[in-house]
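Bear in mind that the values in this text are calculations on the coordinates, not laboratory data. If you're wondering where the values come from, they're calculated on a predicted model, not measured in any experiment. Note: ideal-geometry Cβ built from the backbone for every residue, glycine included; neighbour counts use all protein chains shown.
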């Protein structure tokens, strides 16, 4: 029987997982920015050194150095010299919405949909494979994650979502799926799960986890995959609506949208 493969700190594993070999300083800076804004890396926390970052992320030393410089320019990191020095997270949580909104505005609906399709393909297949391969210990590990989820805050809910999806990928026993899930959680997770700042979507996520666990326990691969994809589709639709709200504030609605709604029976 396969053994459970729990991850003690999945969110941090995502932050410092290797980037694509062609990773640029902007990609490193974006991943660290997402981790800081989401609360995975906390205010006052000391970051790994430039050399440690380059090794863990699989990028050149100069790339890690440039990324930290970008974070300093954004006011997210403060570097101190000396024996007790280093780079430390310094983050004003009031600026969180602006960071997310800028990133969302920069993506078109087509780009958002493509991102959601990619995440769905990986997470859905991982859930399907997990249903075929999970042991009783694996199912118990998923239940512990679901029961321990902090749904009081958006950050807590996102950490639970991240940890759960990584655990499902690990249970699939596919190193390629695990590696891609880790990469996508770092790239897409902070944006895709913005909906979790609303309690309704935190509750939906909790229900989805329970349904996925039940499907995996019953070895129902189709249900595990379908439920996983449905949750991601819901997050994508929220993002599209949120992007529209940002583009048309104060209740403004494009004429084309209004016409469509009026013409709908």
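Listed values, structure above:
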read-out	value
Residue-span extension gain [residue 79 to residue 109] - 0.36 nm each, minus C-alpha spacing	7.1 nm
Neighbour-count ranking [beta-carbon atoms within 10 angstrom, fewest first] of 125, 70	70, 125
Modelled FRET efficiency - R0 25 Å, residue 210 with residue 102, Cβ distances, 0.05 increments	0.10
Burial ranking of peptide ranges 165-177, 214-226 (average Cβ count within 10 Å, highest at the top)	165-177, 214-226
Residue 121 paired with residue 56, simple spin-label distance in nm, labels 7 Å along Cα-to-beta-carbon	3.0 nm
Sorted by Cβ density within 10 Å, fewest first, the residues 227, 161, 79	79, 227, 161
Cα-projected label distance for residue 90 with residue 46, points at 7 Å along beta-carbon direction, nm	1.7 nm
Quotient of C-alpha Rg and 2.2 N^0.38 Å, computed over the stretch 10-91	0.98
Contact order relative to length of the stretch 139-211, as percent, for alpha carbon pairs under 8 angstrom and 6 or more apart	39 percent
The stretch 98-247, Cα convex hull volume normalised per residue, Å³	90 Å³
Tail beyond 21 Å, pair distance distribution of the stretch 165-241 (Cα, percent)	30 percent
Rounded Å value of the spacing that divides the Cα centres of the stretch 168-191 and the stretch 115-161	10 Å
Two-site FRET efficiency, residue 233 against residue 140, from Cβ-Cβ distance with R₀ of 30 Å, rounded to 0.05	0.60
